[in-house]
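Chemist: Mind having a look at this structure? Questions to follow.
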């Protein structure tokens, strides 16, 4: 890079409140991540080829983007995309619909589709993400229509003392009544680490060796395209997620999916629509192009998000901010957590991320009682799509130890700027570690 280009960049950063010294330090840290970034690029390339191959296999054409209305019978484009997505997810079938408005919705469809009164759901990765507690009926708020109200039981196995899946504990917790083994791949708002897919394979192996035929369901939110093979290729029967996270590539404006074994996917489809019609209905209303383009861009978009997490971890750690995972740790999702240590620092950090966002940078996020959570949550989300976690965002429950969960970034340079602004703001406010 020429001196003139460096001066130009320093001038642009200066207008955004970043000093020349901070810019040069960021570049120094970035140069030390070259090997890590090459690994991420190789994963991106493998996933991109997988997507292209899947599109070729189903013969995807521009004519398939037209969409349907009403009941949506015989939507050829929808069927082509679902076949392609199933291929990408190492699954037999998929339900890929804009009518599934969140990852929680997708997981709920899978759980209600498979479980029946008297069955037990066993979570083997501890307590599930906050918004699922109402679905299960363990949040103490009497949520209408929860699994508990239908007579479905719940058990959980926590991680062992070393922070790994407790394989022995899982084996002991399995009984004939356990009909679903639930695995949450990502950490959610917990201190636990994110699983790698090979660890999901280890859990699946323990379940099957125990003689259980329970359906293994994986909450795959934040994890798609971070590795080269998805959970259904490692023993999961179903995996679920949201299109405004990784697989929508920053293009899909809503939607979600359930992928896995054909009969189980159809059970979820019957919960989405109605028994008897299942996956046969569901108009696409012109959304096929957006979903297909997002799917195509997803490997590149996710690689930008992973690089963003790696850089922000390395950069903030340099200034004494504890991060998890560290910059060189192999990753299973796009989430990066930072331990800020106080409510004041946590709120300041999230506000800094908002100020660097492309949309609503002038808005000041404040904590609020967000539905589905047991405490106030602050969310920095200046995104083109509301709640799109594949775009740069930062959110956190206001509870000890005051961790911020920083994720996404469809453009690496914007996240690089945000990390620099956040650290600069913490210093200027006298809130550095």
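Every number here is computed from the coordinates shown, using simple stated rules; none is lab data. Model, not experiment: these values are computed from the prediction. A quick note on method: Cβ atoms are made from the backbone with ideal geometry, for glycine too, and the neighbour counts reach across all protein chains shown.
Chemist: Quickly estimate the mean residue ellipticity at 222 nm for the chain, helices only: each DSSP H run with n ≥ 4 gives -39500 (n - 2.57), and the total goes over all residues, rounded to 500. Working shown, then result.
Modeler: Values: 12 runs with 174 residues, N = 433.
Helix-only estimate at 222 nm: -13000 deg cm²/dmol.
Chemist: Take the chain, compute every pairwise Cα distance, and split them into 10 Å bins from 0; I just need the percent in each bin.
Modeler: Using 10 Å bins, I get a P(r) of 5, 22, 31, 26, 13, 4, 0, 0 for the chain.
Chemist: Quick one: if the Förster radius is 22 Å, what FRET efficiency do residue 56 and residue 261 give, using the C-beta to C-beta distance and rounding to 0.05?
Modeler: Using R0 = 22 Å, I get an efficiency of 0.35.
Chemist: Counting only the backbone N, which residues of the range 307-321 are under 20 Å from the spot 7 Å out from the Cα of residue 411 toward its beta-carbon?
Modeler: 307-312
Chemist: Shape of the range 209-296 from its Cα gyration tensor (a ≥ b ≥ c, root eigenvalues): rounded if a/c is under 1.5, otherwise prolate when a/b > b/c, or oblate? The partial results should precede the final answer.
Modeler: Values: a/c = 2.82, a/b = 1.21, b/c = 2.33.
Oblate.
Chemist: Relative to the longest principal axis of the C-alpha atoms of the chain, give the angle of the C-alpha long axis of helix 34-58, reported between 0 and 90° and rounded to the nearest 10°.
Modeler: That works out to roughly 40 degrees.
Chemist: Taking springs between alpha-carbon atoms closer than 10 angstrom, which of 69, 194, 262 fluctuates most in the Gaussian network model of the chain?
Modeler: 69
Chemist: Another question, then. Compute a Gaussian network model of the chain, connecting alpha carbons closer than 10 Å, and tell me which residue from 62, 177, 343 fluctuates the most.
Modeler: For the chain, modelled as a Gaussian network with Cα springs under 10 Å, the answer is 62.
Chemist: For the range 1-69, rounded, prolate or oblate, judged on the Cα gyration tensor with a ≥ b ≥ c (square roots of eigenvalues), a/c < 1.5 rounded, else prolate if a/b > b/c?
Modeler: prolate
Chemist: Assuming a ≥ b ≥ c are the square roots of the Cα gyration tensor eigenvalues, decide whether the range 62-295 counts as rounded (a/c under 1.5), prolate (otherwise, with a/b larger than b/c) or oblate.
Modeler: Since a/c reaches 1.5 and a/b is larger than b/c, the shape of the range 62-295 is classed as prolate.
Chemist: Between the helical axis of 412-428 and the dominant principal axis of the chain, each derived from Cα atoms, what acute angle in degrees is found, rounded to the nearest 10?
Modeler: That helix lies at roughly 60 degrees to the long axis.
Chemist: How far, in degrees from 0 to 90, does helix 3-15 lean away from the longest principal axis of the Cα atoms of the chain, to the nearest 10?
Modeler: The angle comes out near 70 degrees.
Chemist: Taking Cα centroids, how far is the range 246-314 from the range 1-54 in Å?
Modeler: If you average the Cα positions of each part, the centres end up 28 Å apart.
Chemist: Going by how many other Cβ atoms sit within 10 Å of their own, how do 114, 226 line up, fewest first?
Modeler: On the way: 114 21, 226 30.
By the 10 Å Cβ count, ascending: 114, 226.
Chemist: Take each of the peptides 245-256, 179-190, 349-360, average the number of other beta-carbon atoms within 10 Å over its residues, and list them starting from the highest.
Modeler: 245-256, 179-190, 349-360
Chemist: Between the alpha-carbon centers of the range 334-360 and the range 384-406, tell me the distance in whole angstrom.
Modeler: 8 Å
Chemist: Considering only 104, 68, 301, give the residue with the highest GNM mean-square fluctuation for the chain, with springs between Cα atoms whenever their separation is below 10 Å.
Modeler: Evaluated over the chain, the most mobile residue of the options is 68.
Chemist: I'd like the distance separating the alpha-carbon centroids of the range 92-150 and the range 181-215, in whole Å.
Modeler: Centre-to-centre (Cα) distance: 16 Å.
Chemist: Determine the percent antiparallel among the DSSP beta bridges restricted to the chain, to the nearest 5.
Modeler: Around 60 percent antiparallel, to the nearest 5.
Chemist: Highest first, please rank the peptides 26-34, 46-54, 408-416 by the mean number of other Cβ atoms sitting within 10 Å of their residues.
Modeler: Output ranking for 26-34, 46-54, 408-416: 408-416, 46-54, 26-34.
Chemist: How would you rank 376, 227, going from fewest to most other Cβ atoms within 10 Å of each one's own Cβ?
Modeler: Listing 376, 227 from fewest to most nearby Cβ atoms yields 376, 227.
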